[in-house]
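Following: one structure in structure tokens, then a few remarks.
The values are calculated or read from the model by the stated rules, or taken from the named source; none is laboratory data. Quick caveat, the model's predicted, so the values are computed rather than measured. Backbone-built Cβ (ideal geometry, glycine too); neighbour counts: all protein chains shown. Calculation scope for accessible area: heavy atoms of the full protein, side chains included, ligands and nucleic acids excluded. Shrake-Rupley method; radii C 1.70, N 1.55, O 1.52, S 1.80 Å.
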Amino acid sequence: MKKRILSGVQPTGALHLGNYIGALRQWVDLQHETDAYFCIVDYHAITVKQDTQELYDNIHSLAAMYVAVGLDPSKVTLFKQSDVSAHTELAWILNNFTHMGELQRMTQYKDKAKGNGKQTVGLFTYPVLMAADILLYQPHMVPVGEDQKQHVELTRNIAQRFNNRFSETFRVPDVMHPKDGARIMSLDDPNTKMSKTGSSQWGYIALSDAPDVVMKKIKKAVTDSGSTIEASADKPALTNLLVIYSAVSGKTVGELEELYHGQGYGKFKKELGEAIVTWLEPIQERYHELIQNYDELQAILKQGQERASVVAQVTLDDVKTKIGVI
Ligand code: AMP
Ligand code: TRP
């Protein structure tokens, strides 16, 4: 029997290279050998303030990007979290199997809450909703970037707690990170992770960035002192650029180090920029086709909703029976 995997991304802006290398690249690689579920986690997105039209548009552009990077909707189940009400139902139940202290320790919560006086309960319990997203589908593995490790560990703890109290109900899933690139760093600051909401627009490359924007961002990317192009602990900026180069070119970091041995940063950056642009070209072409075909996107999400609901409902009914409400 094929192993099952589940993962998700928030529809909060364009996907960037960090999302792709840390998460989606693995999804694409695993889609044929696993029974895969990929979710657009729109209810997670609203834990920070969203504009109505923008959220709506972002959901559809994320669906289009999922397909454009190579996920085949006839093989994998692509769906929207808010289309399967079992997610919020199970999240409510699991809130009662989660301790305040566990959520207070979540580093993503601490980061997001920093300097933000009025925090919502939604932001605080967000990891419980993520646990529900995962546990409903009984996956063996959850392929995500490194920043989600703590959330998957919490998910495991909640699952074990529930299983111990009642009986085997949830599969306890393993987190899965890529060998390289589980944490892609910002181009303008190699000490912080690449993110859409980071310091500036120069820190990330969106999969929707135009070629001239990509070239400019790579040109401006910070490098390390010295002149050799190699991946090492004391060269975090170059290591990051090499991991990105490797992901878009298919060459290993070692091969790239050899290729650029004795070469200057200028040539390296120019060719890295060109490699990203070349890699993005067919993705963007497919994306533009899809985004104009709204009916096709709707049909993909509808089919996903139907498939996901069936699986989710089995787990939810079992949980409801065990706690005594059915
Ligand atoms: P998000 O955009 O926060 O919904 O993240 C979606 C997925 O991308 C998750 O699996 C994250 O762990 C992953 N991810 C986000 N940023 C990075 C990054 N800078 N490096 C590697 N993976 C990332
Ligand atoms: N919290 C994840 C992030 O910010 C997104 C997410 C929500 C997720 N539910 C999930 C990831 C379930 C994997 C599985 O990236």
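Summary of values
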quantity	calculated
Yes/no for LYS179 being within 10 Å of ligand 1 (Cβ to nearest atom) and of a type in the set (D, E, K, R)	no
Of all residues making up the range 1-52, the number that are surrounded by 20 or more Cβ atoms within 10 Å (Cβ to Cβ), assigned to a helix (DSSP H, G or I) and more than 13 Å from ligand 1 (Cβ to nearest atom)	0
Out of LEU94, LEU78, LEU55, sole residue that is open to solvent by less than 10 Å² (accessible area, probe 1.4 Å) and within 19 Å of the chain's Cα centre (by Cα)	LEU78
Selection within the range 153-190 - among the hydrophobic types (A, V, I, L, M, F, W, C), under 15 Å from PRO139 (Cβ atoms) and in contact (Cβ under 8 Å) with a residue 24 or more places away in the chain	ILE158, ALA159, PHE170, VAL175, MET176
Given (1) farther than 30 Å from LEU154 by Cα; (2) at pLDDT below 95; (3) within 16 Å of ligand 1 (Cβ to nearest atom); (4) β-branched (Val, Ile, Thr), index of the condition THR228 fails	(3)
Pick from the range 240-253, criterion in contact with a Ser or Thr (Cβ under 9 Å, 6 or more places away or on another chain) and open to solvent by 40 Å² or more (accessible area, probe 1.4 Å), ranking: farthest from ASP180 (Cα to Cα)	SER249
From the options THR278, THR321, residue that is surrounded by fewer than 18 Cβ atoms within 10 Å (Cβ to Cβ) and more than 24 Å from the chain's Cα centre (by Cα)	THR321
Of the criteria (1) away from ligand 2 (no atom under 16 Å from the Cβ); (2) of a type in the set (Val, Ile, Thr); (3) part of a helix (DSSP H, G or I), which one THR88 fails	(1)
Odd one out for ASP42 among (1) out of contact with any strand residue (DSSP E or B) (no Cβ under 9 Å at 6 or more places or on another chain); (2) among the acidic types (Asp, Glu); (3) within 12 Å of ligand 2 (Cβ to nearest atom); (4) in contact (Cβ under 8 Å) with a residue 40 or more places away in the chain	(1)
The range 159-213, residues that are loosely packed, with under 15 Cβ neighbours inside 10 Å, of a type in the set (D, E, K, R) and not in a helix (DSSP H, G or I)	GLU168, ASP174, LYS179
Filtered residue count, the range 110-152, keeping only those that are more than 12 Å from ligand 2 (Cβ to nearest atom) and open to solvent by 50 Å² or more (accessible area, probe 1.4 Å)	9
Meets criteria (within 13 Å of ligand 2 (Cβ to nearest atom) and open to solvent by 10 Å² or more (accessible area, probe 1.4 Å)) for ARG156	yes
Residue tally, condition more than 11 Å from ligand 2 (Cβ to nearest atom) and either under 22 Å from ILE59 (Cβ atoms) or basic (Lys, Arg) (or both), over the range 1-14	5
Within the range 97-109, tally of residues that are in a loop (DSSP other than H, G, I, E, B) and open to solvent by less than 40 Å² (accessible area, probe 1.4 Å)	3
Any hit, the range 100-108, residues being modelled with pLDDT under 95, within 16 Å of ligand 1 (Cβ to nearest atom) and not aromatic (Phe, Trp, Tyr)	yes
Qualifying residue in the range 147-155 (condition: within 19 Å of GLN81 (Cα to Cα) and assigned to a loop (DSSP other than H, G, I, E, B))	no
